[in-house]
Amino acid sequence: MKAVLSCEQMRAFDRHAITSWGIPGNLLMENAGRGAAEFIQTELLPGCTGVQVVMVIGSGNNGGDGLVVARHLLCSGVHVRVFAIGERARRSKELLEQCAIWLSLGGKIHEIDEEDGILELEKALENADVVVDALFGIGLSRPIAGRSSQVIRAINCARGVRVSLDLPSGLDGDQGDVLGDAVCADWTLTFGCLKLGLLTSSGAVRAGQVRLLSLGVPQPPPFLRVGAYLPEPSDICAQLSPRSLNVYKGRAGRVVIVGGSEGKVGAVLLAARAALRSGAGTVTIASWPEVVGAVEGKLPEAMTFSLKRDRLVDQVDEIIEGKRVVVIGPGFGFDEGSKRVFFHISTSFKGLCVVDADAITLLSHAYEQYVDQSIAGPRIFTPHSGEAARLLKASGNAAFASSTQVEADRYAAIRELIAATRGVVILKGLYSLIGEWGRPLVVNPTGNPLLATPGSGDVLTGVLAALGCALPPFEAAYCATYLHGLAGDCAIDRFGDRGLLASEVADYIPSVISQLCSRGFHRTSSR
């Protein structure tokens, strides 16, 4: 997995590389700039001639990275114009060294702070094929204002491809907040490790496509206590062991999905379909008689079980017996019967329980009752930001009492959710977060706007239930989230950014698993 660092952790990592590993700071800068220049040439300007690049640098080391990029592009025959903002006296030592090299090669540095500097920059940007933002990187600690704001607005108006080095200037590297103004990049080339702020909703909008470039150093040392990781395909494949030749449905795992109510019968059907598509051995839909009547025959592969309200406890005990995973919540409603079922399963089922959708709201309505009870087995909770806010508010956490507050600091919010639920949590959204007490977070890299479709969350729940039959809860959670997002990614060439049905997401799951497992990541064959 790839480490995801805060800005302070990245600065500590750089210091460690210099002081403990003996890697000079100017070599780190050279590695960063050379990698960025190679990317620009091979990915953005392949075979192009007569192109123009505008480099905009600040007064810190991000500006030094930019001048290394400019030098390598210049040496490859690319026409580069460099514009600098900030007082010369405040430029870092490393930047001044790069300035001297650039000037010795015959390059010029146009000072934006001088008279007509902004006008000259705007004129250069009109004809630029690529604009490189090397203003602040991870060094920004204050809101953008004044001349810097003018420069960022000029960059955002440029017609060429906008490339930011390390972070889009003006973006908070930890939470993804815009500090006054921020560059809207088409590409962000980040160095050494991914940064937390890039993997947030607001950060993603400003960063565009993100490419991680090596600094030529090992992975972060343990003392940094990395708090988040981003999984790669090999990490998912390592968990998806090939099935043995003598597998049968009982060994594959039995799942029951408790949910559905008037007007919301589709939720359980979608969850059941996804669980079957993801490899569950058997799937049973347990619901009220009117719901069972509505779903009967709609998914022939799934079994059904009617819950009679006059003897709920006995029937719940009957249906959960022998099951490896119980899902509760999709479309279940909030009446007293649903509440009784939820709390009985919570206190009696010793296998894995996936608490989803309406069950999370039921928990929010009776949080004190929940925490006072002894929970029987492992639990996975799957809230979106609205459900997360209701749950945290019920737990007495006023800092995350609205979805806006949750989205403003998702990394802190999920840690509060883990503490409040005592289980594994998937905080859904762009770059879904997966967490468990005492372990680093996992940031999911897959998914796209196609998944913003009714029932998509129910499909994720079904995938999660199937994987939970074979994997520990935390591993099941991040693998299911990855596969669900990847199904949307595989559909994007056919559908664009809209129109995919949730049932179609479920139907993509087997091919997604097959494609991942066919890349040779498995160490052993099923034979």
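A few remarks follow.
- Exactly one residue out of GLY203, GLY208, GLY227, GLY180 is touching a residue at least 24 places away in the same chain (Cβ under 8 Å) and surrounded by 23 or more Cβ atoms within 10 Å (Cβ to Cβ): that is GLY203.
- In segment 413-469, of all residues being over 29 Å from LEU501 (Cβ atoms) and of a type in the set (Gly, Ala, Ser), the one that is nearest to the chain's Cα centre (by Cα) corresponds to GLY435.
- Selection status of VAL68, crowded, with 20+ Cβ neighbours inside 10 Å and touching a strand residue (DSSP E or B) at 6+ places or on another chain (Cβ under 8 Å): no
- Applying the criterion of being over 20 Å from GLY106 (Cα atoms) and touching a Lys or Arg at 6+ places or on another chain (Cβ under 7 Å) to the residues of segment 38-65, the residue that is surrounded by the fewest Cβ atoms within 10 Å (Cβ to Cβ) is PHE39.
- Failed item, numbered, when PRO220 is tested on (1) at pLDDT 95 or above; (2) surrounded by 18 or more Cβ atoms within 10 Å (Cβ to Cβ); (3) in a loop (DSSP other than H, G, I, E, B): (1)
- Set side by side, the residues SER164, SER92 differ, and just one is within 24 Å of LEU73 (Cβ to Cβ), modelled with pLDDT of 95 or more and either surrounded by 14 or more Cβ atoms within 10 Å (Cβ to Cβ) or of a type in the set (Asp, Glu) (or both), which is SER164.
- Subset tally (residues that are over 22 Å from the mean Cα position of the chain (by Cα) and either closer than 20 Å to GLY176 by Cβ or of a type outside the set (Gly, Ala, Ser) (or both)) for segment 391-404: 3
- Restricting attention to segment 242-286, the residues being of a type in the set (A, V, I, L, M, F, W, C), assigned to a loop (DSSP other than H, G, I, E, B) and surrounded by fewer than 24 Cβ atoms within 10 Å (Cβ to Cβ) number 3.
- Selection status of ASP489, of a type in the set (Asp, Glu), without any contact (Cβ under 8 Å) to a residue 60 or more places away in the chain and touching a Leu at 6+ places or on another chain (Cβ under 9 Å): yes
The values are calculated or read from the model by the stated rules, or taken from the named source; none is laboratory data. Not measured: the values here are computed from a predicted model. Cβ coordinates were reconstructed from backbone atoms using ideal geometry, including for glycine residues, and neighbour counts include every protein chain displayed.
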